[in-house]
1. Please identify which residues in the stretch 101-118 have an amide N closer than 16 Å to a label point set 7 Å out from the Cα of T70, following the Cα→Cβ vector.
2. May I ask for the longest run of the chain untouched by GluC sites (Glu not before Pro) that are loop-located per DSSP and have at most 14 neighbouring C-beta atoms (other than their own) within 10 Å?
3. Can you tally the net charge around G125? Count Lys and Arg as +1, Asp and Glu as -1, for every other residue whose Cβ sits under 15 Å from the Cβ of G125.
4. In the stretch 78-95, which residues have a backbone nitrogen under 17 Å from the label point lying 7 Å from R123's Cα in the Cα-to-Cβ direction?
5. Can you run phi through the Karplus equation (6.51, -1.76, 1.60; θ = phi - 60°) for the stretch 41-51 and list ³J(HN,Hα) in whole Hz, with x for Gly and Pro?
6. When you have a sec, figure out the Kirkwood radius of the chain from all distinct Cα pair distances and drop it here in Å to one decimal?
7. With 23 Å as the limit, write out which pairs from K25/K119; K31/K75; K75/K146; K25/K146; K52/K119; K31/K146 have Cα-Cα distances beyond it, or answer none.
8. So what's the back-of-envelope 222 nm ellipticity for the chain, counting only DSSP H runs of four-plus at -39500 (n - 2.57) apiece and dividing by all residues, rounded to 500?
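What follows is calculated from the coordinates using simple rules that are stated; it is not laboratory data. Because the structure is a prediction, the values reported are computed rather than measured. FYI the Cβ positions are ideal-geometry reconstructions off the backbone, even for glycines, and counts take in every protein chain you see.
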Amino acid sequence: MSDQNPQVLLETSKGAITIELFREKAPITVKNFLSYVKEGHYDGLIFHRVIKDFMIQGGGMNENLEPKKTKFAIKNEAANGLSNKRGTLAMARTAVVDSATCQFFINTVDNPFLDHAGKQPDRFGYCVFGQVLQGLEIVDEIRAVKTGNKNGHGDVPLEPVFITSARLIEQEA
C-alpha cells in the first residue's frame, strides 16, 4: 500500500487504535468513512457488538443503543480482493448487499467466510477497507470484555467501550 493512504486515529476508552485506509482498493468506502470521521459522527459512540473470536463492531449507536442518524447507503466494494483477516476493518451491513452506512467492524481473527465469493447476496461478502497499524492490543482488550443482552441486542459490552474520538492523522507529503 502507498504511503499516501489516509490514516485515522480512533481514540477509545481502552486506548488508541491507528488505522490505515485503503483508498485505491475501496475508494467509495474510504470516502464515506472519512466523511463520517470529519463530521465527528463517531465521537461518543460505542462498540455495541463484541464477539471475542469474531469481531468488534461500532460506529452506529450510543451507550443506550440508540442508533445515530446516518447518510445514504453505499456500494459494497467487497470484490476488491482484500480478505477479512485479523486486524482488518470492514463495513457492517444488513443482508442487503449495498446497505452499509457508518457502522464498521474490526476482525479479531481471520474471517475468510466474510470475503467476497460471488455475486449472490449471501456470497457477496463484507468490504475490507483498512487495517490496524497500531493498537491491535487495544482491539484485543476490547474483544475480551464481558458481554450480554441489552435493549434487545446481543453481544453488548456490559461496561460500554466508547469511541471518544476519530480523527484523520495529517501526514507529511
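1. Under cut-off, by backbone N: 101-106.
2. Numbers: sites that count: E24, E39, E170, E172.
Here the longest run is 40-169.
3. Computed value for this residue: +1.
4. Backbone N within reach: 78-81.
5. 4, 7, 4, x, 7, 10, 7, 8, 9, 10, 10
6. Values: mean 1/r = 0.0627 Å⁻¹.
For the chain, inverting the mean 1/r across all distinct Cα pairs yields 15.9 Å.
7. Values: K25/K119 18 Å; K31/K75 12 Å; K75/K146 34 Å; K25/K146 35 Å; K52/K119 29 Å; K31/K146 33 Å.
Check vs 23 Å cut-off fails for K75/K146; K25/K146; K52/K119; K31/K146.
8. Result for the chain, helices only: -3500 deg cm²/dmol.
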